[in-house]
Amino acid sequence: MIAKLYQANNNKICCKFECPSTIIEVPVPIFDCIRVLGIILDNAIEASIESQDRELSLAIYRDDKQIEISISNSCREILLSIDTLMKKGITTKKGHQGLGLSSIEEINKKNPNMFVNYQNDPYQFTTQVILLF
């Protein structure tokens, strides 16, 4: 995650990071967690670069029952619905294959204690990942 935030900073994106608790373990396979967060952060960085505000926020909270990860980023206005964006082959980026969000959905389906929620406001995209213990 630090490398992704460093990449965002190098692209002149204003980054905010909050993680008040130490996260020692996650309740899903670590590879799945890293893959999901990598895709979300890559998408957030790419969208922020194309936006006017160039902002990215990453917050990670933990309690006894769950880990909540929230990633918000500024973006150009997205005219496609969330359901459409999650389909394999659909992308808002030139030269991309549209595999990111569909890959997240595949990982999400095989992990019953992982929940992924997307929210798209006109110029901000937020992804929330909940990992239940």
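Data table
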| quantity | calculated |
| --- | --- |
| Neighbours by Cβ (under 6 Å, 6+ apart or cross-chain): first from segment 3-30, surrounded by 13 or more Cβ atoms within 10 Å (Cβ to Cβ); second among the hydroxyl-bearing types (Ser, Thr, Tyr) | 13/48 |
| Residues of segment 51-90 satisfying the condition of being within 25 Å of residue 15 (Cβ to Cβ), surrounded by fewer than 17 Cβ atoms within 10 Å (Cβ to Cβ) and at pLDDT below 95 | 76, 77, 82 |
| Matching residues in segment 31-42 - criterion: being crowded, with 16+ Cβ neighbours inside 10 Å and touching a residue at least 60 places away in the same chain (Cβ under 8 Å) | 32, 33, 36, 37, 39, 40 |
| Whichever residue in segment 103-118 is without any contact (Cβ under 8 Å) to a residue 24 or more places away in the chain and of a type outside the set (D, E, K, R) and, among such residues, is nearest to residue 70 (Cα to Cα) | 117 |
| Filtered residues of segment 12-21 (kept if among the hydrophobic types (A, V, I, L, M, F, W, C) and assigned to a strand (DSSP E or B)) | 14, 15, 17 |
| Residue check for residue 45: closer than 29 Å to residue 132 by Cβ and modelled with pLDDT of 70 or more | yes |
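Yes/no matrix, rows are residues, columns are (1) of a type in the set (Ser, Thr, Tyr); (2) part of a helix (DSSP H, G or I); (3) in contact with a strand residue (DSSP E or B) (Cβ under 7 Å, 6 or more places away or on another chain):
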position	(1), (2), (3)
23	no, no, yes
42	no, yes, no
59	no, no, yes
72	yes, no, yes
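The values are calculated or read from the model by the stated rules, or taken from the named source; none is laboratory data. Fair warning: this is a prediction, and the values are worked out from it, not measured in the lab. Positions of Cβ are backbone-derived with ideal geometry, glycine not excepted, and every protein chain shown enters the neighbour counts.
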